[in-house]
Amino acid sequence: MSLNCPKSTADSLVLELFGKALINLQDDFGGPSFYSFLDNYLRYLETKAFVKIRAEKIPSSEPIPYFGISLDSANRLMTIYSKDYWRFIGALNNFSKPIVEKYNFQQLVNLYHDKDLTHLKALAGAHWKIFPKDKHTPLVESYIADLDALLVANKHNKHIRLIEDDQPISSIDDLIAELKGKVVYLDVWGTWCGPCKFELKYTPELKKRYMDKDIAFVYLDMDEDHRDQDWKDFIRVNNLTGIHLRKNRKQIEPFWKELLLNAKDKAEYYPQYFIFDKTGKLVVEKALRPSNGKQLYDQIDQILNQ
């Protein structure tokens, strides 16, 4: 579910919810609910920090409140790491080391289950610099080895088609044209997007249902150019069969305009799904998600059977 409200309203809600909470963290706390709370508390501190930056006009060269590094440094780090590393920094600046060690291990577990090899390796390296004697090191190393093996196994998977930069695709029509005769389920996503990766867990069941049917799965990714190899590796590690196209933030704008031209809801959030009929016509904007299961299958079946 997405809440389409002004950012200032969303920020005010976050500050209201957490601002009055009394936080008393003990080193022996643990468990899924605790780590989820820490995750949300760090998001609250991030919101609080940027509200403060805007209000006080803090320069980008000055430390970000609660995180201890400048915005300039944070932006540079984000070209290498992910949001998980940003939260690691936040945890180190606001929680005790025993809590950070357990919390960050949970982030590593989550990255493994997301099959996000690039960010798992990066965060694990940062984690081991701070916690070189972490008892979970052998387990994390086995996680990395597992995903490396998947990457190698799918290096030449003929069912994964990556549209390279030298193939001039500049519109949805260009992307869908060659697929006439098939229903197309389009997934607009990003490797940085948690909800996008959550939905990918449901795609094997979706594809199994429509095996040998006239349906094509197309993925339009929004990632900046420096993430190109990360994008390719993520697709292969996850055995994400289908047709793949990556555009950066600027390049994807005309695609959004085409996709949302006749939609009542013009919001460009991720992930979003669209269904094209066998003539190449967009017939369902903001289609149901893979996690919707039977409801989505009914939506697709209706178009397949036309």
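Those strands (runs of 3 or more DSSP E) of segment 224-306 in which at least 1 residues are of a type in the set (D, E, K, R) and under 29 Å from Leu111 (Cα atoms), considering only elements entirely within it, cover 242-247. The test for being surrounded by fewer than 19 Cβ atoms within 10 Å (Cβ to Cβ), touching a His at 6+ places or on another chain (Cβ under 7 Å), within 26 Å of Gln167 (Cα to Cα) and touching a residue at least 24 places away in the same chain (Cβ under 8 Å) does not hold for Thr279.
Residue-by-condition table, conditions (1) acidic (Asp, Glu); (2) modelled with pLDDT of 95 or more; (3) more than 14 Å from Lys197 (Cα to Cα):
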| site | (1), (2), (3) |
| --- | --- |
| Asp212 | yes, no, yes |
| Met222 | no, yes, no |
| His226 | no, no, yes |
| Ile235 | no, yes, no |
| Asn238 | no, yes, no |
| Thr241 | no, yes, yes |
| Arg246 | no, yes, yes |
| Lys250 | no, yes, yes |
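Residues that are among the aliphatic types (A, V, I, L, M) and at pLDDT below 95 within segment 262-281 comprise Ala263, Ala267, listed in sequence order. Residues that are surrounded by 13 or more Cβ atoms within 10 Å (Cβ to Cβ) and in contact (Cβ under 8 Å) with a residue 40 or more places away in the chain were ranked within segment 172-184; the one that is nearest to Pro290 (Cα to Cα) is Val184.
Scanning segment 197-249 for residues that are over 22 Å from Val152 (Cα atoms), in contact with a Phe, Trp or Tyr (Cβ under 9 Å, 6 or more places away or on another chain) and of a type outside the set (D, E, K, R) yields Leu206, Tyr210, Ile215, Ala216, Phe217, Val218, Leu220, Met222.
Could you go through segment 138-154 and let me know if any residue there is more than 24 Å from the chain's Cα centre (by Cα) and touching a residue at least 12 places away in the same chain (Cβ under 8 Å). No, segment 138-154 contains no residue that is more than 24 Å from the chain's Cα centre (by Cα) and touching a residue at least 12 places away in the same chain (Cβ under 8 Å).
Just one of the listed residues (Ile53, Ile160, Ile80, Ile99) is in contact with a Gly (Cβ under 8 Å, 6 or more places away or on another chain) and among the β-branched types (Val, Ile, Thr), and it is Ile160. Of the residues making up segment 185-217, those that are part of a strand (DSSP E or B) and either out of contact with any helix residue (DSSP H, G or I) (no Cβ under 9 Å at 6 or more places or on another chain) or farther than 14 Å from Arg289 by Cα (or both) are Ile215, Ala216. Which of the residues spanning segment 52-85 are without any contact (Cβ under 8 Å) to a residue 40 or more places away in the chain, within 16 Å of Asn104 (Cβ to Cβ) and of a type in the set (Phe, Trp, Tyr)? Hit for segment 52-85 is Phe67, nothing else.
The numbered conditions (1) within 21 Å of Asp27 (Cα to Cα); (2) at pLDDT below 95 are all true for Asn104 except (2).
The values are calculated or read from the model by the stated rules, or taken from the named source; none is laboratory data. What you see is a predicted model, and the numbers here were worked out from it, not measured in a lab. Using ideal geometry, Cβ is built from the backbone for each residue, glycine included, and neighbour counts are taken over all protein chains shown.
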